[in-house]
Every structure is written in C-alpha cells, then in structure tokens.
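Below is one structure; the comments refer to it alone.
The values are calculated or read from the model by the stated rules, or taken from the named source; none is laboratory data. Being a predicted model, the structure only gives us computed values, none of them experimental. Backbone-built Cβ (ideal geometry, glycine too); neighbour counts: all protein chains shown. We work out accessible area using only protein heavy atoms, side chains counted, and drop any ligands, DNA or RNA first. Shrake-Rupley method; radii C 1.70, N 1.55, O 1.52, S 1.80 Å.
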Amino acid sequence: MASLSVKPGQRFTLPDWQNNSHLISADAEHQRSTSHQIRQEARALRNDTGNQAKWDECDSRTRLKDRITSVDRWREVLTRCLTDIDLEIDALTKVKEAAEDALQAKNLCLDVAIECLTFRESRCDIDVVQDPVEEELHREVKVIERTKKELQQRVDEAFKQLCLLKEARQQLNCDHRHKVEALELDRQCLSFNVTSGNISFKVNPTRIPDGTTALREWELNSQHNKDRAEAEMKASIELRGAITLTIAQTNNELDAQRMATEFALRKRIRDMEGALSELRWQEQNTLEEIAEMEEDIRQLEEDLRKRTLDLKVAHTRLETRTYRPHVELCRDQAQYGLTGEVQTLEAVIRALQQKRTESQNALDALYRQLHRIQTDIGYKTNSLQLDNKCRDTRRKLVIPVEKYDPEVDAVNRTRNLPRNSQLEL
C-alpha cells in the first residue's frame, strides 16, 4: 500500500503566508513612494540649480560690467589728470626758466652798481663824501642782493615742486597703465561663455592671490593718486603766482599752512580718541559675547552628553531584544519605536555636534576678533601718544625760543637758534 510522502522542512501557517504577502505589498508601496519623492526632488533640484546657475552668471556679467565702468571712469579721470599735470609741468618749467633769466639779468645790474661805487672811490680829498648818491647805490646793491636771494629761493622751490609733480605724474601714469591692463582683462573675462574655446578647469581658482587689495583700498589708492596730483598742481599754481610776491606774503602763506596743520592735528587727535572709545566699547561687548558663547557651548556639551546616554539606552534595548527566542523575534511596535528613537537620537546628536562645532568656530572667531581689537587699541594708543607729542613739539612754532624748554625737544634741534625769534614752519 503506497504512503503519502511529506516534504521535510518548516511549514508556515496561512496567517504567516498572508502576513508575508501583505508585508511585500507594503514594502513595494513604500519603495515606490520613496522613489517618486526622490524623482520629484531631483527635478526640483535640477530646476533650482539651473535657474541659480543662470542668475549667478547673469549677476557675474552685471558685476563685471559695473567693474569695467568703474575702472574706465577712473581711467578717464586719470587721463585728464595726466594731461593737466603735463600742462602744469610745462607751465612751471617756463616760469622757472623766466625766474632764472631774471636772476641772471640781476648780475648786470649788480655789476653796474658795484662799478659805480668803485668809480666813486676814486674821488679825492673833500669830494670823498657820503652823499645821497652813495647811499642810493649802497641801497641799490642791498636791494639787488635781496632780490637775487628771493629769486634763487623761488628757483629752488620751483625745482623741488617740479620733482614732486614728476613723482606724482609717475604714480598717475603707473596707476593709469595698470587700469588699462585691468580693463583689457575684465573685458576678456566678459567675453567668455560656455562656447569659448579657451575655457578650462583651473587649479584652486578661488584662491586669494598675494598682494590682493580690498575694494576700498583700491578706491583710496586711485583717489590718493588723484588728490595728490591735484594737490601738487594746486601747489604749483600757487608757486607760479607766488614767484613775484614778497617774503612777507610767503610768511603769511606759511602761517596759514601752519594753522591748517594745527587744525588737522587737533582734529586727528579727536578722531583717534573717538576711535579708541569705540574700540574699547567693542572690546567690552566682545568679551560679554565670549562669556555667553562659552556658557552656551557648555550647555550644548551637557545636552550632547545626555542624548548620548539616551542613545546608549536605546542601543542596549535593541541589542537585548535580538535575543528573543524563535517567533518572538518579530518586528513589533516596540521594535519600530526603538529604531525610530535611535535614528532620531543619532540625528539629534549630529545636529548638536554640528552646532557645537559652529559655536566653537564662532568662539574662536570671537577670540581672534578680540585679539584684533586689542591689537588695534595698542596701535591707536601709540598713535595718539605720538600725535600728542607732535602737538607738544609744534609749540616751538609759536613759543619764543627763550621760553621753550630744550628738554622737551626730542630731536634737540633748537639749541643754536637765535634768541628773540620764533620758529618758522
């Protein structure tokens, strides 16, 4: 009689079979949902990145155009300034040559006056008198010598001013040449596009090259060159007009310059004191912020320690549940809950660690800024002391020499000056 063979192995119940089918269906639904969400996110990311790239490129082109406009405007300003300074150099050169010609012409007048006096020395006996003619001749000699001295002084001043003008012109010309080169490079950059044949990847293109200056420093440099050239041209114009003026007028101009310098020095001291007050206020605020940041970091580390302990508990629970026997080793709600708790705690710990790193970086930046502030305070304190010393030293310009204390003079240059006089700038 034949017997029924039984296939060896574990046999599942119908509910197990149904549960397995439902689980496969649920997993399939979940995977399809996840895939759909990822596809949607990918499309959104492509759209966002594409639009962002277009806007960034458009913004870069706009910035390049603005930069080209700014540099070209400065180039035009420097070109006009170069033209003006060339004209001023030519004008001052002609005035200097005219002063030299006038100085040379005075030699003949002096020779004639001396010769007349020599002739009058041949008078004999009672005719050798000190008459008005002799007095006028001697006065003429003195006037000629004083005039020659004044003219020679003006020639020397014109020569020095020409050196300053040529030095300023050299700086202008160098700045102008650099701006022409920069314009050519920026226009070349503006012409680049995705179809250009000479585009390629570069090694570390975002690096900051040595010698890079800030935009404000660039503007101040060009403005300084322009202002210096204009100042030198203004001084040259004044000098050309002052060649025929008297020594008294020159002294008045020097007094006005001295007063302007005193006013600028006093204003500088006030500005330096204000800057020091602001820096000390910033230092105090930075110290307070450092204290608060350190306290926050301590609290972050405490929270991180607590969440780490919570994670250890969740890990231990999960590991312990893996030792459940046979069919008891199922993925129940407790298992899902513990798994979700672990994932949440791990995300929380990562966020806390990230925030702790950011807080520590911010604290380091605060310490660096505090060091920078304190260093700047030292610099400005030293500058303020130097400006106060300069103000004390400049008292020699208005205090008679006999009333000025030589011990205050740091360079000791006023001991041999004549008494009953004032120091001139």
Please arrange C163, C81, C174 by accessible surface area, largest first, computed with a 1.4 Å probe and ligands excluded.
C163, C174, C81
Around S33, under 13 Å between beta carbons, what's the net of Lys plus Arg minus Asp minus Glu among the other residues?
-1
Accessible area of R324 in the full protein assembly, 1.4 Å probe (Å², nearest 10):
50
Arranged from highest to lowest average of other beta-carbon atoms within 10 Å per residue, in what order do the peptides 191-203, 353-365, 227-239 appear?
227-239, 353-365, 191-203
If I compute solvent accessible area with a 1.4 Å probe over the protein chains, what percent of it on segment 44-100 is carbon and sulfur?
52
